[in-house]
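Reading through the structure tokens given below for one structure.
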Amino acid sequence: MSESSLKRWADRGLLTVTRTAGGHRRIALRDAIRFVRERQLKLLQPVAIGLPALDADVQVDVAEVDEALLAHLSAGRASAAWHLLMGQFLDGRSIAEIGDGPVKAALRELGSRWTHDSTGIFIEHRATDLCIQIIQQMRLLVNRSDTTFRAIGGAVGPDPYILPSMLVACVISEQGGDATNLGPNTPLDVLRTASLGQDESPDLVWISTSVVKDPGELSRDISNFARECQSAGVQVAVGGREAAQLSLDHVPGLTVHGSLAGFAELAQSIMKSGSPSATGE
Ligand code: B12
């Protein structure tokens, strides 16, 4: 775009800018990326803003993204996988859509294609790591300093899965929240201390469940925890591959989600209602 277009957008408040001491307009990278995504603009020279070059030839139709990602992840083609997912991200696809769509589909297929022998585990670990790298980068690009709510969460108990909780944290960041991801293998007690045992409670706690050893016990523990959260004014969102196995009590503020997209709506509603006082006093 021409410099004058940029100045016009900035002056009309469409593009967030700050001023340097000398009065020049300064655009933060995350604000530039947000603008590009919201308006579905094309980034001609990503290198100019510190991103690796995006190969225009790698543009893939949305309907073919799942298949293409699976092929790249299976073969360990890191750069092709990066181009594909980052291209989708910059085209304005939300992180929730990317997680519910190509990432989940490709990994599900990888899991069913191989038995858990050495080759299968090698391919799974490599694919998981590639996705982690890409999603982590997306999170940095959507992180903002002016967050409107706080969330904390992780994958509870013996759950070793990294990606699900990481994706939830990304969705929260994309919706303007400040997410602390405690990651896999987080005991529920640790989540309790981190969320209710601190000076200031978060607005939201998320729990990811991909591995559930004892559904009855975990359901009771989460229900009790949700009650404690309720009295502190904290919402609890549960999701994950095994979430449907749980039979949770009806506790106000406790919701179960089958997808990141549904959860993004909840995060958005918390964002819109502003940061409520979460002390429960
Ligand atoms: C990668 C992988 C591994 C890696 C994990 C690496 C890591 N540290 O993350 C390793 C190699 C460690 C592993 C180990 C095992 N695995 Co494994 N693994 C997978 C695989 C291929 C991908 C998992 C993944 O990350 N998916 C991507 C995420 C993004 O998708 P998702 O979990 O569905 O999450 C989505 C939603 O549920 C939602 N969501 C998730 N959490 C939350 C939370 C909230 C709040 C919200 C709103 C939404 C939400 O968002 C996501 C996007 O939509 C799956 C296949 C699959 N179907 O997923 C098998 C799979 C889960 N594994 C399986 C098995 C059998 C095992 C092992 C038992 C193998 C063995 N014999 O040792 C072990 C068990 C480990 C354990 N301790 O329990 C089976 C499970 C079968 C079953 N139902 O029990 C699967 C399904 C493969 C298969 N088809 O057989 N595995």
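The values are calculated or read from the model by the stated rules, or taken from the named source; none is laboratory data. Just so it is clear, the structure is predicted and the values come from calculations on it, not from any experiment. The area values use the complete protein model at the heavy-atom level, side chains included, leaving out ligands, DNA and RNA. Shrake-Rupley method; radii C 1.70, N 1.55, O 1.52, S 1.80 Å.
Using C-alpha pairs under 8 Å with a sequence gap of at least 6, the mean separation divided by the residue count of region 190-236 gives a relative contact order of 51 percent. Normalising by the residue count of the chain, find the relative contact order in percent from Cα pairs under 8 Å and 6+ residues apart. Answer for the chain is 14 percent. Computed with the Debye formula from one identical point scatterer per Cα of region 56-141, without solvent, the log10 of I(q)/I(0) at q = 0.22 Å⁻¹ comes to -1.03. Sorting D203, D189, D178 on solvent-accessible area from highest to lowest, probe radius 1.4 Å, gives D189, D178, D203.
Our analysis of the chain gives Rg over Rh at 1.00, with the two radii drawn from alpha carbon positions and Rh computed by the Kirkwood formula. Residue ranking by accessible heavy-atom surface, 1.4 Å probe, largest first, among W114, W82, W206 comes out as W114, W82, W206.
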